[in-house]
Amino acid sequence: MRKKFVASILAVAIAASASGCAEMGINKEQAGTIIGGLAGAAIGATMGKGNGKIAATLIAAGIGGYIGNRIGNMLDEKDQQALALRTQEVLSQPVTASAQPVTWTSDHSGATAQITPGQEFTQTKPVEVKRAPKIQAVPSMKLINEQYVSTASLNVRAAPNQKADKVGGLPTNTEFTAVGSTGDWILVGRKGVTVGYVHKDYVQPKSQVVAKASTPAVNLDEMNVSASKETKAFDLDSIQSLPTEQVAAETSCRPVTVSLKSDKGQSEQQNTFCKQANGTWELI
């Protein structure tokens, strides 16, 4: 029912956008930017839960706009949406030494595309990082923004060093968002806030742990942290203000080439996206 409701809103939005753009003298390619963004946002709203749902909406909206702007004059709205989401999936895939083209095929128009991700590179840019008051800020870090799992019961420190004050602890098999890394230390995130640092030797990416784990990990975002002495420092509801700093963050960027064939001809384009602090990909 929810998906049908969103689809109905999408159809109305596309129709309204198309007619409105025509009245304002905007051509089809320009209209594609608007429609692509609306379409992506609507589709993204049906994906994921909680913070994941928000991220999915942002990703789909951004890539929807990019698809609409570049090749909106060669595809109908439905194909723009589908190709945008397929591009999103390609960006989200793990980086490999020799990335192979991914094929997209329309389910109704006969249009096809080859989506080829390029080699990943890094770029440093300022990002805002929110932290708990007792947690020391760092001047720079490498963005991660992925789910990690503790492989042992471990201490969470106020700063990225072994002698820093302990602010709490994570039980074995606790899932959390790794905001980034600085040296040998991982920034532990809870609901978008850095709540401490853990050593990299005692945590692993969730993708590596799931295959060999016998029981599902407990998510720190959903945990009743106030019920335990080890985790009560992570209770963000008890904190009145959360400092925010600008941090120089090393982030991952990936070029993506789309080679399109449709009944209106062929087109090829290349764009570069960089991963943001909230996990979304931004066109640069």
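Quick notes on this one:
- Residues located in the range 132-175, provided they are under 17 Å from Glu245 (Cβ atoms) and either part of a loop (DSSP other than H, G, I, E, B) or not assigned by TED's automatic domain parsing to the domain that holds Ala227 (or both): Ala132, Pro133, Lys134, Ile135, Gln136, Ala137, Val138, Pro139, Ala158, Ala159, Pro160
- Filter pass, Leu187 being among the aliphatic types (A, V, I, L, M), touching a strand residue (DSSP E or B) at 6+ places or on another chain (Cβ under 8 Å), farther than 30 Å from Ile115 by Cβ and surrounded by 18 or more Cβ atoms within 10 Å (Cβ to Cβ): yes
- For Ser262, the conditions (1) closer than 27 Å to Pro126 by Cα; (2) modelled with pLDDT of 90 or more; (3) of a type in the set (Ser, Thr, Tyr) are fulfilled apart from (1).
Per-residue answers, yes or no, for (1) surrounded by 14 or more Cβ atoms within 10 Å (Cβ to Cβ); (2) touching an Asp or Glu at 6+ places or on another chain (Cβ under 8 Å); (3) assigned to a loop (DSSP other than H, G, I, E, B); (4) on the phi < 0 side of the Ramachandran plot:
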{"residue": "Lys229", "(1), (2), (3), (4)": "no, no, yes, yes"}
{"residue": "Ala233", "(1), (2), (3), (4)": "yes, no, no, yes"}
{"residue": "Glu245", "(1), (2), (3), (4)": "yes, yes, no, yes"}
{"residue": "Ala248", "(1), (2), (3), (4)": "no, no, no, yes"}
{"residue": "Val258", "(1), (2), (3), (4)": "yes, yes, no, yes"}
{"residue": "Thr272", "(1), (2), (3), (4)": "yes, no, no, yes"}
{"residue": "Glu282", "(1), (2), (3), (4)": "yes, no, no, yes"}
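- Subset of the range 179-206 that is assigned to a helix (DSSP H, G or I) and free of Cβ contacts under 8 Å to residues at least 60 places away in the same chain - its residue that is nearest to the chain's Cα centre (by Cα): Lys200
- Residue count for the range 113-169, restricted to those that are at positive phi and in contact with a His (Cβ under 9 Å, 6 or more places away or on another chain): 0
The values are calculated or read from the model by the stated rules, or taken from the named source; none is laboratory data. Given the structure is predicted, the values throughout are model-derived calculations rather than measurements. Using ideal geometry, Cβ is built from the backbone for each residue, glycine included, and neighbour counts are taken over all protein chains shown.
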